[in-house]
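> Supplied in structure tokens, the structure appears directly below.
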């Protein structure tokens, strides 16, 4: 009898992660007060799971959580549709089949739909630790809790922290997938179908525990490593390498927009060129180095329905042309251009006795 109940529970968990369109609306539907109280009253102190809670300049931080197994790496293909630039990859927990997960570097936390709680083995913390997402506009907070394990191919992450909005339905704006203002009806329908299947959005708090995370946008692949150093496959492909900055827990870099220095947050889920608070122009040139200038469209947060709390953000209209690597071990951000790699391979290297130098890398 006990085994039968276990099978039923696992089946229910897998069905919850499937995100059936009929059962789970696209946008979150807030719980009533009694259901919310029941959800929060089920919590336990984070220390019972071996997790210590701190508060720093970026917000709440959880020590001994989001731990990748050492000496492990993974390379994952982006999930369909194939014309999508969004870094959606397949992940799983210890008790589920793979499910789509969006990797969003502008999200400070990792977010999960409440319908996936059982499958992720989520346990909310007590006292309740909630916060509103600040990278997108959602008038609904999420509450911190811990899962058992998050698995990316052969790379296991122990004690992943999820922020879960107390609501039915899927993640809505948090999934950054379906935006009616930007897509024609046929394309929008496909994107909404994808959004209904995304129960998890992995944010920067989990990513920063890897030695590097590499977004190969041209080949639609994501590579992660827990401990080994990052080395570009082809030195000639390196367009620029910039010091990685931290903006409230997110990866950022300093560059120029039309010769004006400013901080840019890397937004791997942002379908735009540059979002700039108080934007007074619609086009500009992003100058990453003396050798790399990128013309880009400039929009305001209001146009993209984003909160105006960020500095400038650089999105997929720029990032998707490159292999963008967040090198947390060396605290650098690498931009590699596959076109430069192809050009270098077409030259007979045996005749070139000059040592290769990385572009934009200080000695």
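The values are calculated or read from the model by the stated rules, or taken from the named source; none is laboratory data. Only a predicted model underlies this, so the values are computations on that prediction, with no experimental measurement involved. A quick note on method: Cβ atoms are made from the backbone with ideal geometry, for glycine too, and the neighbour counts reach across all protein chains shown.
> Output yes when any residue across region 180-191 is free of Cβ contacts under 8 Å to residues at least 60 places away in the same chain and under 21 Å from residue 30 (Cβ atoms), and no when none is.
No, every residue in region 180-191 fails to be free of Cβ contacts under 8 Å to residues at least 60 places away in the same chain and under 21 Å from residue 30 (Cβ atoms).
> From the residues in region 31-58 that are part of a strand (DSSP E or B) and in contact with a helix residue (DSSP H, G or I) (Cβ under 9 Å, 6 or more places away or on another chain), which one is farthest from residue 195 (Cα to Cα)?
The extreme case among them is 52.
> Another question about this same structure. Does any residue in region 243-261 that is in the same structural domain as residue 106 (by TED's automatic domain parsing) and at positive phi come within less than 7 Å, Cβ to Cβ, of a residue that is assigned to a strand (DSSP E or B) and buried (at least 20 other Cβ atoms within 10 Å of the Cβ) six or more places away or on a different chain, and which pairs are these?
Partner pairs satisfying both residue conditions: none exist.
> Quick one: is residue 286 within 15 Å of residue 334 (Cα to Cα) and either out of contact with any helix residue (DSSP H, G or I) (no Cβ under 7 Å at 6 or more places or on another chain) or not assigned by TED's automatic domain parsing to the domain that holds residue 135 (or both)?
No; evaluated as a whole, the condition is false for this residue.
> Please verify whether residue 264 is touching a strand residue (DSSP E or B) at 6+ places or on another chain (Cβ under 6 Å) and assigned to a loop (DSSP other than H, G, I, E, B), treating the condition exactly as stated.
no
> Out of all the residues in region 95-112, which are within 15 Å of the chain's Cα centre (by Cα) and either free of Cβ contacts under 8 Å to residues at least 24 places away in the same chain or part of a loop (DSSP other than H, G, I, E, B) (or both)?
Those that are within 15 Å of the chain's Cα centre (by Cα) and either free of Cβ contacts under 8 Å to residues at least 24 places away in the same chain or part of a loop (DSSP other than H, G, I, E, B) (or both): 104, 105, 106, 107, 108, 109, 110.
> Here's a follow-up. From 191, 233, which residue is in the same structural domain as residue 302 (by TED's automatic domain parsing) and surrounded by fewer than 21 Cβ atoms within 10 Å (Cβ to Cβ)?
The match here is 233.
> Of the residues in region 323-363, how many are modelled with pLDDT of 95 or more, in a loop (DSSP other than H, G, I, E, B) and touching a helix residue (DSSP H, G or I) at 6+ places or on another chain (Cβ under 8 Å)?
1
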